[in-house]
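Structure record follows, encoded as structure tokens.
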Amino acid sequence: MRNFKLPSKKEINFVFTSFSKKERVVFVGLVLVLFLSTFAILESINKFFMVQVPLRGGSISIGMTGVPRFINTVLANSEADLNLVSLVYSGLMRKSAEGNLIPDLAKEYRASEDGLTYTFTLKDDIYFHDGKPVTVEDILFTIDSVKNSIIESPHKVHWNGVSVSKIDDKTIEFTLRQAYALFLENTTIGIMPAHLWEGSPLELNLSNTSPVGSGPYMISSINKKSSGIIDNYKLVAFEKFALGEPYIKNMDLHFYQNEEDLVKALTDKKVDEVSSISSQNAEMLKGKNYQVESAVLPRVFGLFFNQNQNQLFIDKAIIKAINESIDKERIVGEVLLGYGTVIDGPIPPNKTEYRTIAEKTTLSRTEILQKVQADLAKAGWQMGEDGFLEKITTEGKKKTTSKLEFSISTGSVPELAKTAELIKEDLAIIGMKVDVKTFEKGNLNQNVIRPRQYDALLFGEIINSEFDLYAFWHSSQRNDPGLNVAMYTNAKVDKILEDASATIDEQSRIKKYMEFSDEIKKDISAVFLYSPDFIYTVSKDHKELESGHIISPADRYLNAYLWYSKTENVWKIFAR
């Protein structure tokens, strides 16, 4: 074996000096190519093993409409209040961006087989923003305040029939009078520090604009106008947040009286992003290259018929004709500018587990209307001299002429008023005469909906959870203060809704609500139109998880601790 050794410097110089000028140029070129190729290969290998991860730091300013007043989890009800509550407070459980429930302050929980008892164990080292530990006593205080009948918390209804008891310093138990399948959602309510609410819980009736919670962000400073109205909150990330320190360090919240001022603040670059904007403003901002996002809301807008007020609606053939004649796609396109979803049932489309494939018709719009008119003609409805349908009935020698006409009552907001006018146009084509009546919100609620003084009501139902369907469709809710505005009565549906609310097994519960939906559709108890979108803008250097399951606008901020604006590249093995 001969020993291998590198050439000496003298030998290398000898070879290099022996090159001609042309050979030297070629040699240097080849060495340069070798060097660049090696560098490129190493860079490619490095990139293959690298991944982009969020980096803590940065800030964001957000514009909202409204004025914060009750920034506590017991009384918060306005959008401004609820947005802040989502950022400042945390509960035993928290909703993820996908709509799933994950432990927050809770380390774990267990539920009894009969669904009547839920036992929670708290995490270690959980704190409020003032440094005090979160205890079982704070949870007891919060729930007792919600249940206090004098305070009138909007959450009280969810805690009726639920008793709470302390097992030990780390364990708390909830006992239900009867099984309630979605009880865990109750435990997302933000926990309030009992030590800061000394005295009677009645103090919660007072405005609270400087809250202390245990959520991802804590109040740093508050700015008020000369009138005393709050127009800005500065928030900072809470390092001891139970789910981990938020990535974005500073968050500024700015409040505006109306949407016009809100959008102007965005275009004037006073804020980075805004939320809860109209479809018209969304299209305007898209035209100016703003990043506009949307998510379907659990709102069911439709026409609900009052048979007691107008006997026409006893005839299901008429409601069927109305349903087939309304161009729902046109409403979503012209009224919502595409920021909405056409629906054909009582369960909103964001409840994906209940989604079914709608039957597609191969008929053209003209053919559909011709079929509707033919069906009405078979039922005895003929076009009168005034251009609208009428039916002549004979009893003995007496002839009676019935007109196919009715009124639609709705709110005076532009979207509803325009929707009603489009429906009026569609139904006029087939010979139905419609009178549109619009009312201010207070007048509509007090003088139209509560006394059930309407023929047809163009109305939007808010379905925060499946159990809200009981309020809108159970026969016991037909009269005020119930919300069964369709005046619907079906013993089978009543039984399904009652059973579903106590069904713990998810798949069995889904099956029951699917049966409910099928019954509603079969009875043609209403004409379902659309579910609108929640629309917001996102700063281009701001990254957040896609919010595919927003129930209320405040839900978007539940995962603000995962938002980020700064990133760095690290090898995959070092990425969390």
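Kindly provide the set of residues from segment 405-426 that are of a type in the set (S, T, N, Q) and either in a helix (DSSP H, G or I) or more than 18 Å from residue 388 (Cβ to Cβ) (or both), ordered by number.
Here is the first cut: in segment 405-426, the ones of a type in the set (S, T, N, Q) are 407, 409-410, 412, 419.
The answer is 409, 410, 412, 419.
Which residue out of 266, 312, 253 is surrounded by 13 or more Cβ atoms within 10 Å (Cβ to Cβ) and assigned by TED's automatic domain parsing to the domain that holds residue 483? Working first, answer last.
Working: 266 fails: assigned by TED's automatic domain parsing to the domain that holds residue 483; 253 fails: assigned by TED's automatic domain parsing to the domain that holds residue 483.
312 is the lone residue from the list that is surrounded by 13 or more Cβ atoms within 10 Å (Cβ to Cβ) and assigned by TED's automatic domain parsing to the domain that holds residue 483.
Tally time: how many residues in segment 244-279 are of a type in the set (Gly, Ala, Ser) and in contact with a Gly (Cβ under 7 Å, 6 or more places away or on another chain)?
Of the residues in segment 244-279, the ones of a type in the set (Gly, Ala, Ser) are 244, 265, 275-276, 278-279.
Narrowing further to those that are in contact with a Gly (Cβ under 7 Å, 6 or more places away or on another chain): 265.
Matching residues across segment 244-279 total 1.
Scan 420, 377 and give me the residue that is of a type in the set (Gly, Ala, Ser) and free of Cβ contacts under 8 Å to residues at least 24 places away in the same chain.
Values: 420 fails: free of Cβ contacts under 8 Å to residues at least 24 places away in the same chain.
Residue meeting the stated conditions: 377.
Could you please find all residues in segment 46-73 being assigned to a strand (DSSP E or B), within 30 Å of residue 224 (Cβ to Cβ) and at pLDDT below 90? Talk me through it step by step, then tell me what you get.
Residues of segment 46-73 assigned to a strand (DSSP E or B): 50-55, 59-65, 70.
Next, only the ones that are within 30 Å of residue 224 (Cβ to Cβ) stay: 59-65, 70.
Hit for segment 46-73 is 70, nothing else.
Has segment 446-457 got at least one residue that is without any contact (Cβ under 8 Å) to a residue 24 or more places away in the chain and polar (S, T, N, Q)?
So far as segment 446-457 goes, yes, one or more of its residues are without any contact (Cβ under 8 Å) to a residue 24 or more places away in the chain and polar (S, T, N, Q).
Do you know which of the residues in segment 380-420 that are touching a strand residue (DSSP E or B) at 6+ places or on another chain (Cβ under 8 Å) and aliphatic (A, V, I, L, M) is nearest to residue 306 (Cα to Cα)?
Among residues in segment 380-420 that are touching a strand residue (DSSP E or B) at 6+ places or on another chain (Cβ under 8 Å) and aliphatic (A, V, I, L, M), the one nearest to residue 306 (Cα to Cα) is 408.
Here is a list: 347, 392, 357. Which entry is hydrophobic (A, V, I, L, M, F, W, C) and either modelled with pLDDT of 95 or more or surrounded by 16 or more Cβ atoms within 10 Å (Cβ to Cβ) (or both)? If you could, list the steps in order and put the result at the bottom.
Working: 392 fails: either modelled with pLDDT of 95 or more or surrounded by 16 or more Cβ atoms within 10 Å (Cβ to Cβ) (or both); 357 fails: either modelled with pLDDT of 95 or more or surrounded by 16 or more Cβ atoms within 10 Å (Cβ to Cβ) (or both).
Among 347, 392, 357, only 347 is hydrophobic (A, V, I, L, M, F, W, C) and either modelled with pLDDT of 95 or more or surrounded by 16 or more Cβ atoms within 10 Å (Cβ to Cβ) (or both).
Select from segment 259-280 the residues that are of a type outside the set (Asp, Glu) and free of Cβ contacts under 8 Å to residues at least 40 places away in the same chain and list them in ascending order. Before you say what the answer is, go through the steps one by one.
The first filter runs over segment 259-280 and keeps only residues of a type outside the set (Asp, Glu), leaving 262-267, 269-271, 274-280.
Once the filter is applied, which keeps residues that are of a type outside the set (Asp, Glu) and free of Cβ contacts under 8 Å to residues at least 40 places away in the same chain, segment 259-280 yields 263, 264, 267, 269.
Among what's in segment 221-250 and is of a type in the set (D, E, K, R) and surrounded by 12 or more Cβ atoms within 10 Å (Cβ to Cβ), pick the residue that is modelled with the lowest pLDDT. Walk me through how you get there before you give the answer.
Narrowing segment 221-250 to residues of a type in the set (D, E, K, R): 224-225, 231, 234, 239-240, 245, 249.
Restricting the remaining residues to those that are surrounded by 12 or more Cβ atoms within 10 Å (Cβ to Cβ) gives 231, 234, 240, 245, 249.
Values: 231: 91, 234: 96, 240: 97, 245: 95, 249: 96.
Restricting to residues being of a type in the set (D, E, K, R) and surrounded by 12 or more Cβ atoms within 10 Å (Cβ to Cβ), the top hit is 231.
Go through the residues of segment 74-89 one by one and say whether even a single one is in the same structural domain as residue 240 (by TED's automatic domain parsing), at pLDDT below 95 and at positive phi.
No: zero hits.
Tell me which residues, restricted to segment 456-481, are among the charged types (D, E, K, R), crowded, with 20+ Cβ neighbours inside 10 Å and part of a loop (DSSP other than H, G, I, E, B).
Here is the first cut: in segment 456-481, the residues among the charged types (D, E, K, R) are 461, 466, 468, 478, 480.
Next cut, crowded, with 20+ Cβ neighbours inside 10 Å only: 461, 466.
Hit for segment 456-481 is 466, nothing else.
Here is a list: 80, 97. Which entry is within 18 Å of the chain's Cα centre (by Cα) and assigned to a loop (DSSP other than H, G, I, E, B)? Spell out how you get there, then give the answer.
Working: 80 fails: assigned to a loop (DSSP other than H, G, I, E, B).
Just one listed residue meets the conditions, 97.
Could you tell me whether any residue of segment 168-179 is at pLDDT below 95, under 25 Å from residue 499 (Cβ atoms), in contact with a strand residue (DSSP E or B) (Cβ under 9 Å, 6 or more places away or on another chain) and not in a strand (DSSP E or B)?
Within segment 168-179 (the criterion being at pLDDT below 95, under 25 Å from residue 499 (Cβ atoms), in contact with a strand residue (DSSP E or B) (Cβ under 9 Å, 6 or more places away or on another chain) and not in a strand (DSSP E or B)), the answer is yes, since at least one residue qualifies.
Mind listing whichever residues of segment 490-504 are over 15 Å from residue 466 (Cβ atoms) and either of a type in the set (S, T, N, Q) or outside any helix (DSSP H, G or I) (or both)?
Answer for segment 490-504, where residues must be over 15 Å from residue 466 (Cβ atoms) and either of a type in the set (S, T, N, Q) or outside any helix (DSSP H, G or I) (or both): just 490.
Do we find a residue being under 27 Å from the mean Cα position of the chain (by Cα) and more than 22 Å from residue 312 (Cβ to Cβ) anywhere in segment 418-433?
Taking every residue of segment 418-433 in turn, at least one turns out to be under 27 Å from the mean Cα position of the chain (by Cα) and more than 22 Å from residue 312 (Cβ to Cβ).
Looking only at strands (runs of 3 or more DSSP E) that lie completely in segment 229-317, which have at least 1 residues being in contact with a Pro (Cβ under 9 Å, 6 or more places away or on another chain), more than 23 Å from residue 559 (Cβ to Cβ) and aromatic (Phe, Trp, Tyr)?
Working: elements: 230-237, 250-256, 291-296, 299-305.
Where strands (runs of 3 or more DSSP E) fall fully within segment 229-317 and carry at least 1 residues being in contact with a Pro (Cβ under 9 Å, 6 or more places away or on another chain), more than 23 Å from residue 559 (Cβ to Cβ) and aromatic (Phe, Trp, Tyr), they are 299-305.
Any residue at all in segment 432-441 that's closer than 27 Å to residue 554 by Cβ and either at pLDDT 95 or above or not hydrophobic (A, V, I, L, M, F, W, C) (or both)? Explain how you work it out, then say what you get.
The first filter runs over segment 432-441 and keeps only residues closer than 27 Å to residue 554 by Cβ, leaving 440-441.
Applying the additional criterion that residues be either at pLDDT 95 or above or not hydrophobic (A, V, I, L, M, F, W, C) (or both) yields 440-441.
For segment 432-441, residues closer than 27 Å to residue 554 by Cβ and either at pLDDT 95 or above or not hydrophobic (A, V, I, L, M, F, W, C) (or both): present.
Does any residue of segment 511-522 turn out to be under 23 Å from residue 353 (Cα atoms), at pLDDT below 90 and out of contact with any helix residue (DSSP H, G or I) (no Cβ under 8 Å at 6 or more places or on another chain)? First the steps, then the outcome.
The first filter runs over segment 511-522 and keeps only residues under 23 Å from residue 353 (Cα atoms), leaving 511-522.
Now drop any that are not at pLDDT below 90, which leaves none.
Within segment 511-522, not a single residue is under 23 Å from residue 353 (Cα atoms), at pLDDT below 90 and out of contact with any helix residue (DSSP H, G or I) (no Cβ under 8 Å at 6 or more places or on another chain).
List, please: which pairs have Cβ atoms under 9 Å, are six or more places apart or on different chains, and start with a residue in segment 149-168 that is assigned by TED's automatic domain parsing to the domain that holds residue 122 and end with one that is acidic (Asp, Glu)?
158/185; 163/173; 164/144; 164/173; 165/173; 166/137; 166/173; 167/173
Give me the residue from segment 505-562 that is assigned to a helix (DSSP H, G or I) and acidic (Asp, Glu) and, out of that set, surrounded by the most Cβ atoms within 10 Å (Cβ to Cβ). Break it down into steps so the answer makes sense when it comes.
Let us first name the residues in segment 505-562 that are assigned to a helix (DSSP H, G or I), namely 506-523, 553-562.
Subset that is acidic (Asp, Glu): 506, 515, 518-519, 523, 555.
Details: 506: 10, 515: 16, 518: 14, 519: 17, 523: 16, 555: 20.
If we take residues in segment 505-562 being assigned to a helix (DSSP H, G or I) and acidic (Asp, Glu), then 555 is surrounded by the most Cβ atoms within 10 Å (Cβ to Cβ).
The values are calculated or read from the model by the stated rules, or taken from the named source; none is laboratory data. Values in this document were obtained by computation on a predicted structure and should not be read as measured data. Glycine gets a Cβ as well: all are built from the backbone with ideal geometry, and neighbour counts include every protein chain shown.
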